[in-house]
Amino acid sequence: MASTATAPSPIQTSTATSRTPSKPTIMDRDRIMQPDEVTDLIAQGQTIVIYQDYVLRLDSWLDRHPGGRLAILHMVGKDATDEIEVYHFASTLKTIKAYRIGRKPPGPWVAFAPPPIRGGVFRRIEVTVSPPSPLDGDCSDVDDEDEALLRAEESSAEEPSSGSSDTDDSLTEDSTGVSDVSSECSSLPIPPSASWSSGVQVSGAVDTEPTVGAGNQATPITLPPFLTASGVHNVNRRSLGSAQLSQFARKQRKQARAKAAANTDTVDAVAFSTVDDFADRSNQHEVERDSITYPSVDPARQQAIVQRYRALHQRIHDLGYYNCPYVEYGKEMARYSTLFVCFLTTLHFGWYITSAMFLGLFWHQIMFTAHDAGHRAITHNFVADTLIGLFVADFCCGLSIGWWKSSHNVHHLVTNQAEHDPDIQNVPLFATSPLFFKSIKSTYYEGFVFVWDKVADIMVPFQKYTYYPIMGIARFNLYLLSWLHVLSAKSSALGRSTAWWIRPAEIASMTCYWFLFGYCLLWRSLPDWTTRVVFVLVSHIITMPLHVQITLSHWGMSTSDLGETESFPQRQLRTTMDVDCPAWLDFIHGGLQFQAVHHLFPRVPRHNLRKVQTLVREFCDDTGIPYAILNFVDGNRKVLGRLQEMSDQVNMMVQCQKYMAATGESGLH
C-alpha cells in the first residue's frame, strides 16, 4: 500500500535509554553489523545504505552526489545494490568501499521500514554490541587504499569508461556468488518490528502472530515459516525447498483472488467518512488489484526475481549492449542538421510558419540525445556526456539538463509514487493517483503542498479533454522549471564538488539560447507581433508528441506502493509500459517507446534497447511478471482511460461533499 505520509518525517527517537558506544581507535569496517545496529544509526540521522555485502554511510557524499541527494535519501535502510549498479559505471563502483562501516549479515537484506524521507520511523534501541563508529568527515580511520579511492572518486567523473571496462568484477562477483534462494531465506535479517510486506508489521513479542490493520480492526495473517520471528534463525536451510515456497505463494494468491471475486462492490459502493478515507480506500483497491496481477511480494519470491535480474544484467554486459553504436549517432547528426538547415532556409525565404515547424521538429529530435547524455549512455564519461547534454538541452533548447537529471533520477527510483515522483505531480491540472485528493506534500519539492482545492475540483474532471492541449504547451512549463532549478539550492549544492562548473555553464548556455531565440530570431528576424506569436506557438506545439511520449509510459500504469519487499525490477515493470512500433519508426519515438526496458537498464544506449527488449520479454516469461506493451493508439487509450477513472472519482467525491454540506450527513457512499 502506498505510504500515507505526505512529507519527509523527522527521524524519531524513543524515550528508552540507549547507550552510545565509545569510538574505537581503529574502526573494524569488515565486521558483521546486525539489523538493530543499522536501525540505531539511521535513528541517529545517519545516511545508511546497503550495497552488496557492505553497510555504507553516505552522509559526506550527499551534497556532492551529481545525481542529487534525493536519489540517496530514497535508498536509506534499503538494499540498493540493483539501483546502484544499473546507474553507475565500474569506475564509480570501485570507490564505494571507502564509505563502508561494516558488512550486513549473510543472506538477503529486508528493509525494516520505508526510508525516513518516505515516512519511515527508525527508533533508537539499546545496543548490546558496540557498533562500528561512523566515518568521520576527515576520514581519519580510512586505510591508505581507501583514502586513495576517496581521492579518485572526486576525479572519477572525469575518467573515461569504455564499454568493455564496464563489465567489472563487482558485477561478476555479485551475479555468480549468489546462493540458492531457499537456503538464503533462512537467514533473513528481520528484527521484531520489521514489516515484511505492505501494511504488515510483526509486534514486539517474539512469537506474536503478525496482523494486518490496526487496533480492534487488525486481523491475523499467515506468514511463511522463514518469516516468523522465531523461525528466522532456526529453520534448516535445506528443509525449506522451492516447492514449499511455491505452495505458500499459491495459497496466498488463491486467497487474494477469492477475496477479490467475493467483493463485487467497487470503491464507490463502500461507505466513507472523510475524503482522506476515500483516497486511502481507493488506493488500497489498486494495491489489491496489483497484488493479484503481479507476483507475490514475499521476500523469497522477490529474491528469486532479483537473482534472475542480476543474471540478465550480467548477460547484457557480456553481449556488449552497453557499448554505444556511434554509427547510429552519425545518422542522428545528419537528421538534426537537415532539420536545422531547413529551418534556416525557410526562415530566409520568409516562410515563417514552415520555418517554425522545422524548428519544432529539430527540438523534438535533438532532445532524445540530451536524454541519452543525461544517462551517460553516449561516451560513458561524466564530463563529456554532461557537455553534450549542456549543448543540446541548455544551449539548443533552453532547458536545464541539471533540472532534468535531478528530477529524472528521482522519477526512476520512486516511479509513479504520488508523494515522491515529480513526473506525476501535476495537480490541479492532472491527477493520476487518488492520493492527490488528500492534498499531499511533495518530498521532491521540499514539502510543497499540492493542495486539492476548488480549482482541482473543476479541472481534473475534464483532464481527459485537456490532456492533449496542455501537452501542446508543456514546453513553457519546462522553461520555468529549468530556471527555478539553476537558481535553487539543489543546483548550487554541486559547487562544493568537482562538478561546480555545471551551474554557471547552464546559466550561460540558457542565456545564450534566449538571446538567440528571443532577440535574434523573434525580435530581429520576424516582421510583426502576430507572426512572432504564431511562430512561438507553432514551434512549441510541434513538440507535443515528445511530451505525450514521456507521459504515455507511466500515466496509465499503477501508482500504488506494494511495500519495501518488492524488488527493483518488478516495481519498474509494474509502473512502466512499452510502446510497440516497427523498427523503422524508432527515430520518431527516440527510444522512449522502450521505457520499461530503459527503466530496468537506464545506461543502455537507446539504439540497443530493441535488442535488450527481447531479453526482457524472456525475463518476464521466466519470472511471471506481466510485461506491459501496447501500440501507440492503444497506449493513448489506456492513459485517457486512467484519466477518466480519476475524473469519475473526483466527480463522485464533489457530489458527496455537496450532499454533506446540505444535509450534514456523509454522502461518501
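Taking ASP36, is it farther than 30 Å from ILE316 by Cα and either over 16 Å from the mean Cα position of the chain (by Cα) or among the aliphatic types (A, V, I, L, M) (or both)?
Values: farther than 30 Å from ILE316 by Cα: yes; either over 16 Å from the mean Cα position of the chain (by Cα) or among the aliphatic types (A, V, I, L, M) (or both): yes.
Yes; evaluated as a whole, the condition is true for this residue.
Here's the yes/no breakdown for (1) surrounded by 19 or more Cβ atoms within 10 Å (Cβ to Cβ); (2) out of contact with any Ser or Thr (no Cβ under 6 Å at 6 or more places or on another chain); (3) farther than 30 Å from LEU435 by Cα; (4) among the β-branched types (Val, Ile, Thr):
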residue: VAL455; (1), (2), (3), (4): no, yes, no, yes
residue: ALA489; (1), (2), (3), (4): no, yes, no, no
residue: LEU521; (1), (2), (3), (4): yes, yes, yes, no
residue: VAL534; (1), (2), (3), (4): no, yes, yes, yes
Which residues, taken from the stretch 608-647, are closer than 22 Å to ASP586 by Cα, over 23 Å from the mean Cα position of the chain (by Cα) and not assigned by TED's automatic domain parsing to the domain that holds VAL327?
ASN631, PHE632, VAL633, ASP634, ARG637
How about the stretch 300-327: which of its residues are out of contact with any Asp or Glu (no Cβ under 9 Å at 6 or more places or on another chain) and in a loop (DSSP other than H, G, I, E, B)?
LEU319, GLY320, TYR321, PRO325
What pairs come out if I take residues in the stretch 532-550 that are under 17 Å from TRP351 (Cβ atoms) and pair them with residues that are not in a helix (DSSP H, G or I) whose C-beta lies under 9 Å away, six or more apart or interchain?
ARG532/LEU526; PHE535/LEU526; LEU537/ILE473
When you go through ASP580, ASP648, ASP622 one by one, which is the residue that is in contact with a strand residue (DSSP E or B) (Cβ under 7 Å, 6 or more places away or on another chain) and either within 17 Å of HIS411 (Cα to Cα) or surrounded by fewer than 21 Cβ atoms within 10 Å (Cβ to Cβ) (or both)?
ASP580
On the given criteria, is PHE517 among the hydrophobic types (A, V, I, L, M, F, W, C), surrounded by fewer than 18 Cβ atoms within 10 Å (Cβ to Cβ) and either assigned by TED's automatic domain parsing to the domain that holds THR386 or more than 25 Å from the chain's Cα centre (by Cα) (or both)?
yes
Which condition from (1) assigned to a loop (DSSP other than H, G, I, E, B); (2) under 23 Å from SER282 (Cβ atoms) is the one that GLY447 breaks?
(2)
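Please report, ordered by residue number, the helices (runs of 4 or more DSSP H) entirely within the stretch 591-666 with at least 2 residues that are without any contact (Cβ under 8 Å) to a residue 60 or more places away in the chain and under 25 Å from ALA304 (Cβ atoms).
Numbers: elements: 595-600, 609-623, 632-663.
Here the list reads 595-600, 609-623.
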If THR345 meets every condition in (1) crowded, with 20+ Cβ neighbours inside 10 Å; (2) assigned to a helix (DSSP H, G or I) apart from one, which number is that one?
(1)
Qualifying positions in the stretch 380-399 - at pLDDT 95 or above and in a loop (DSSP other than H, G, I, E, B):
GLY398, LEU399
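Given the residues PRO105, PRO114, PRO66, which is the only one that is outside the structural domain of GLN314 (by TED's automatic domain parsing), assigned to a loop (DSSP other than H, G, I, E, B) and within 16 Å of MET33 (Cα to Cα)?
Values: PRO114 fails: within 16 Å of MET33 (Cα to Cα); PRO66 fails: within 16 Å of MET33 (Cα to Cα).
Within the list PRO105, PRO114, PRO66, the selection yields PRO105.
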Does the stretch 515-526 contain at least one residue that is at pLDDT below 95, of a type in the set (A, V, I, L, M, F, W, C) and not in a helix (DSSP H, G or I)?
no
Checked against (1) assigned to a loop (DSSP other than H, G, I, E, B); (2) hydrophobic (A, V, I, L, M, F, W, C); (3) surrounded by fewer than 21 Cβ atoms within 10 Å (Cβ to Cβ), VAL297 satisfies every condition except (3)
Can you report the number of residues in the stretch 424-436 which are touching a Phe, Trp or Tyr at 6+ places or on another chain (Cβ under 9 Å) and assigned to a helix (DSSP H, G or I)?
3
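Among the residues of the stretch 68-90 satisfying the criterion of being among the small types (Gly, Ala, Ser) and more than 22 Å from GLU566 (Cβ to Cβ), which is surrounded by the most Cβ atoms within 10 Å (Cβ to Cβ)? Quick ask: steps written out before the conclusion?
From the stretch 68-90, those among the small types (Gly, Ala, Ser) are 68, 71, 77, 80, 90; that's our starting set.
Those still in the list that are more than 22 Å from GLU566 (Cβ to Cβ) too: 68, 90.
Values: GLY68: 22, ALA90: 20.
The extreme case among them is GLY68.
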Quick one: would you say SER553 is of a type in the set (Ser, Thr, Tyr), buried (at least 19 other Cβ atoms within 10 Å of the Cβ), touching a residue at least 40 places away in the same chain (Cβ under 8 Å) and within 30 Å of PHE358 (Cα to Cα)?
yes
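The values are calculated or read from the model by the stated rules, or taken from the named source; none is laboratory data. In this text the structure is predicted, and so the values were computed from the model without any measurement. Note that we place each Cβ from the backbone using ideal geometry, even for glycine, and neighbour counts take in every protein chain shown.
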